[in-house]
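S.K.: The structure is given below, and queries will be raised subsequently.
Just so it is clear, none of the values below were taken in a lab; they were calculated from the coordinates. As the structure is a prediction and not an experimental result, all values here were calculated from the model. Cβ sites come from the backbone with ideal geometry, for glycine too, and all protein chains shown count toward neighbours.
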Amino acid sequence: MHPAAKAQFDRLVTEYESWLAVPERDRSPAPGWWWGPAIAWRAVPGALPGDVAQRLGLPDGAGHADAAQKFLDALAGQIHLAWPEQFPGQVHR
């Protein structure tokens, strides 16, 4: 994986963990900026590095396509996307 793509992947895994840490009723919708990288990762061969599978709740040996599916599943069915100031928890007014 290209170093820039790896940095982006690491950032999104950290964002995903932060998003899941917010109670579901207070959680923002999944952010639309996950869509593009997730589509790109579907084509990356090989297993996920280090503890990334565990951080995403995937089994050992899971591949990048499995990680991509986690992000795509989070976006599926949404009719609204989070604004950056709403992420990872919603702004209550």
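S.K.: Long-range amide H contacts for G63: which residues qualify at under 5 Å (H placed 1.01 Å from N, peptide plane, sequence gap of 5 or more or a different chain)?
M.R.: Residues meeting the criterion, in which the H sits 1.01 Å from N, are L48.
S.K.: Considering only G50, G36, A68, whose Cα is most displaced toward the positive end of the charge dipole of segment 3-86, charges sitting on Cβ of Lys, Arg (+1) and Asp, Glu (-1)?
M.R.: G36
S.K.: I would also like to ask the following. With volume of the Cα convex hull per residue in Å³ defined as stated, name the option among [x] 128; [y] 95; [z] 172 computed from the structure displayed.
M.R.: Computed from the coordinates, volume of the Cα convex hull per residue in Å³ corresponds to [y].
S.K.: Follow-up. Could you identify which residue out of V22, V52, V13 has the top mean-square fluctuation in a GNM of the chain using Cα springs shorter than 10 Å?
M.R.: Highest fluctuation of the listed residues: V22.
S.K.: If each DSSP helix of 4+ residues adds -39,500 (n - 2.57) and the sum is divided by the residues in the chain, what number results at 222 nm, nearest 500 deg cm²/dmol?
M.R.: That comes out to -13500 deg cm²/dmol.
S.K.: With +1 on each Lys and Arg Cβ and -1 on each Asp and Glu Cβ, how big is the dipole of the chain about its Cα centre, in debye rounded to the nearest 20?
M.R.: My answer is approximately 180 debye.
S.K.: HN-Hα J couplings of segment 26-39 from phi, Karplus 6.51/-1.76/1.60, θ = phi - 60°, integer Hz, Gly and Pro as x?
M.R.: Running phi through 6.51 cos²θ - 1.76 cosθ + 1.60 with θ = phi - 60° gives 9, 6, 5, x, 4, x, x, 5, 7, 4, x, x, 4, 4 Hz.
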